[in-house]
Amino acid sequence: MAKRFRGESHHKVDGKGRVSIPATFRRVLEASDPNWETGKNPELVIVYGDHRRSYLECYTMQAIDELDEKIDRLPRGSNERKMLQKLFQGQSLPTSVDETGRLVLTAKLRQKIGLEDEAFFIAAGDTFQIWKPETYEQEELARTEAWLDELPDDVDPLIYLDGVGGG
């Protein structure tokens, strides 16, 4: 099984759009890039997607290859294939980590999510997300808290992993 991203952190964004990637995230990127070797910079793909997406999703090379394979299995010419190609292949940016462990987020990417002087990184399994901290708190954190508040006090969310209780 591939390594997974874990954790969350805040990082400064400089005037050129450079932001340090958490060190543990860099290790996962290296392990999940079949072309990476010591001394090279690991590659990744940043998906910025459609108007509903208010964050950047960073895919390891292994994860984006798996996604591309699934898209390729859809019938050629189908609307679903065309839309998914546009969302995940067209609205994305292949890039690499620089020598100092940073990503350069283009002006277009920063404008897309309103990113200014600080970025919030959060793990999402085989991807990680980059958010404007305030947007994350308003949207995602609020959604997670609302979901948890709907659960009875004696219910552990891990129950959903076994298919109990819907979900």
### Message
Any residue at all in segment 17-26 that's in contact with a His (Cβ under 6 Å, 6 or more places away or on another chain) and either at pLDDT 95 or above or of a type in the set (Gly, Ala, Ser) (or both)?
### Response
yes
#### Entry: Number of the exception - residue 155 against (1) outside any loop (DSSP other than H, G, I, E, B); (2) open to solvent by 30 Å² or more (accessible area, probe 1.4 Å)
(1)
### Task
Identify the residue in segment 98-128 that is assigned to a helix (DSSP H, G or I) and more than 15 Å from the chain's Cα centre (by Cα) and, among all such residues, is nearest to residue 64 (Cα to Cα).
108
### Task
Determine whether segment 112-128 contains at least one residue that is open to solvent by 80 Å² or more (accessible area, probe 1.4 Å) and not charged (D, E, K, R).
no
### Message
For the structure I just gave you, tell me whether residue 98 is closer than 26 Å to residue 119 by Cα, loosely packed, with under 13 Cβ neighbours inside 10 Å and of a type in the set (Asp, Glu).
### Response
no
### Task
Would you mind stating whether residue 88 is within 13 Å of the chain's Cα centre (by Cα) and over 21 Å from residue 136 (Cβ atoms)?
yes
### Message
I'd like the full set of residues that are on the phi < 0 side of the Ramachandran plot, among the small types (Gly, Ala, Ser) and in contact with a helix residue (DSSP H, G or I) (Cβ under 9 Å, 6 or more places away or on another chain), limited to segment 21-72.
### Response
31, 32, 54
### Message
I want to confirm something. Restricting to segment 1-29 and keeping residues that are of a type outside the set (Gly, Ala, Ser) and more than 16 Å from the chain's Cα centre (by Cα), which single residue is least open to solvent (accessible area, probe 1.4 Å)?
### Response
13
### Task
Could you give me the residue pairs with C-beta distances under 6 Å whose first residue belongs to segment 24-36 and is among the aliphatic types (A, V, I, L, M), whose second residue is in a helix (DSSP H, G or I) and crowded, with 23+ Cβ neighbours inside 10 Å wherever it lies, and which are 6+ apart or on separate chains?
none
### Query
Among the residues of segment 66-89, how many are in a helix (DSSP H, G or I), open to solvent by less than 50 Å² (accessible area, probe 1.4 Å) and without any contact (Cβ under 8 Å) to a residue 24 or more places away in the chain?
4
## Note on the structure
Here the residues within segment 52-90 that are of a type in the set (Gly, Ala, Ser) and touching a Phe, Trp or Tyr at 6+ places or on another chain (Cβ under 8 Å) are 54
### Message
Condition (residue is of a type in the set (Val, Ile, Thr), farther than 24 Å from residue 22 by Cα and over 16 Å from the mean Cα position of the chain (by Cα)) applied to segment 58-74: is it met by at least one residue?
### Response
yes
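The values are calculated or read from the model by the stated rules, or taken from the named source; none is laboratory data. Quantities reported herein were computed from a predicted structural model and do not represent experimental measurements. Here Cβ is always computed from backbone atoms with ideal geometry, including for glycine, and neighbour counts include all displayed protein chains. Ligands, DNA and RNA are stripped out before the accessible areas are found, and what is left, the full protein with its side chains, is counted by its heavy atoms. Shrake-Rupley method; radii C 1.70, N 1.55, O 1.52, S 1.80 Å.
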